[in-house]
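Following: one structure in structure tokens, then a few remarks.
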Amino acid sequence: MRDALSAAAVSTQAEDVHPNTSKQASLHIAPVRIDIENLFLSFAATQVLKGINLSIEPGEFFAFLGPSGSGKSTLLRAIAGFGPTPEGRILLDGEDIGERRPWQRDVGMVFQSYALWPHMSVAKNVAYGLEERHVPRAEIKIRVAAALELVGMGEYAARYPSQLSGGQQQRIALARTLAVEPRVLLLDEPLSNLDAGLRVQMRQEILQLQRRLGITTIFVTHDQEEANSICDRIAVIADGVIQQIGRPAEIYDNPANEFVARFLGTANIIPGRTERSAGGLMFVADGEGLRLPLAEDVREGRGNLVIRPQGIDVVDAPGQHMIDGEVVSGEFLGSATRYSINVKGFTLFVDVKHIRGRSDFRSGDSVMLSIPPEQVMFLAS
Ligand SMILES: Nc1ncnc2c1ncn2[C@@H]1O[C@H](COP(=O)(O)OP(=O)(O)O)[C@@H](O)[C@H]1O
Ligand SMILES: [Mg+2]
């Protein structure tokens, strides 16, 4: 397994140095633009997609991110042409593909379960879609070899799926999808059957593959770290509605609403309102005890204050934007300790970077916190 993985890594590097190898020349994939307009979809009486609008640039690596049951797979399958016919339009390079059967869409999909044929060799599995499309035999041979090389599995053509590890099966599923030279690559939670270490490695491999081919790709996941680490842009989906679209750090730093703020990582969320005072714009938490300065560019009114745990500092000398707190508990995370700290009746998560050998705070300790206005978001309701 290790050998196969490092062999794949080496072949990737070699191709980066020599971008015009014959392997690459034999899969031809032109990046296309995807536009989805006003898509609604129901299963019987249940509406699952509620007006989806989005545009994906040619060659972009795009994520659908959301909790289980939010409609990600349904949306992906609608693009591939599976499931009930939706209302609205799906365009590839401006052309409406909504009326086309799945195999007429030039869209390749990799399923979570891999869906390899157990009784066929690796080569046969990869050739399958090409044979169905009546591609000439000589061309099939070239493309199967090219696709297997691409995923670092050139040596495994004669094996059977049962003789491969999960990660290898995932690569074969990718090779099979890419061999038909789809215009779009759709990946539905492709890493969720792999163990944690392999997941991290495979996501980088998928990214490199996507970059080398330049294929427009949609990656579905419920794991925000996975989407953040490899995707150009993310559409956060909840309950069949797109909550926000943007680059990972953009969404993390400027969530459009409370759902996105929480889904993208731990967030302190405090209800209250803004207030003009002599010192500038302030946030006043419900209950009145907690007041924090705000940046001037926020929309005023009632709403929620959002602060990431790493946006609050524990300080040992008094200064600007100080507030007293009392440690309730701490959770050691390795790189940081995440404390729960009581501040005027609110329990806030505060991350303190862990330095080797440094002793931790204990529950009951009094601490001084600094909450700079630029670390604070105000989401007006
Ligand atoms: N074939 C189906 N028949 C009825 N309801 C379905 C079907 N497929 C999905 N759903 C429902 O649609 C909703 C979205 O499902 P899905 O798109 O699979 O979510 P996700 O991929 O985000 O986990 C869920 O509530 C699910 O129960
Ligand atoms: Mg799903």
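Bear in mind these aren't lab numbers, they're just calculated from the coordinates by the rules spelled out. Fair warning: this is a prediction, and the values are worked out from it, not measured in the lab. Note that we place each Cβ from the backbone using ideal geometry, even for glycine, and neighbour counts take in every protein chain shown.
What to note about this one:
- Under 13 Å, Cβ to Cβ, from GLN169 - net charge with Lys/Arg +1 and Asp/Glu -1: +3
- Under Karplus coefficients 6.51, -1.76 and 1.60, residue-wise ³J(HN,Hα) of region 279-295 in Hz, glycine/proline x: x, x, 7, 10, 9, 10, 6, 4, x, 6, x, 9, 10, 9, x, 10, 5
- Over all other residues within a Cβ to Cβ distance under 15 Å of SER55, the charged ones net out to -4, with Lys and Arg as +1 and Asp and Glu as -1.
- Residues whose amide H lies under 5 Å from that of ALA336, counting only those 5 or more places away or on a different chain, are HIS354; hydrogens are built 1.01 Å from N in the peptide plane.
- Sorted by Cβ density within 10 Å, fewest first, the residues LYS353, LYS72, LYS124: LYS353, LYS124, LYS72
- Gained length - ASP239 relative to GLU275, 0.36 nm times residue gap less alpha-carbon distance: 9.6 nm
- Helix-only [θ]222 nm of the chain, DSSP H runs n ≥ 4, -39500 (n - 2.57) each, per residue, nearest 500: -8000 deg cm²/dmol
- Exposure proxy ranking for ILE206, ILE237, based on other Cβ atoms within 10 angstrom of each Cβ and starting from the fewest, stands as ILE206, ILE237.
- A simple packing score, the average count of other Cβ atoms within 10 Å per residue, orders the peptides 213-222, 95-104 as 213-222, 95-104, with the highest score first.
- Fewest neighbouring Cβ atoms within 10 Å first, the residues ASP106, ASP195 line up as ASP195, ASP106.
- Residue by residue, region 329-341 carries 3J(HN,Hα) couplings of 7, x, 10, 6, 10, x, 6, 8, 10, 9, 8, 9, 10 Hz when phi is fed to the Karplus relation 6.51 cos²θ - 1.76 cosθ + 1.60 (θ = phi - 60°); x denotes Gly or Pro.
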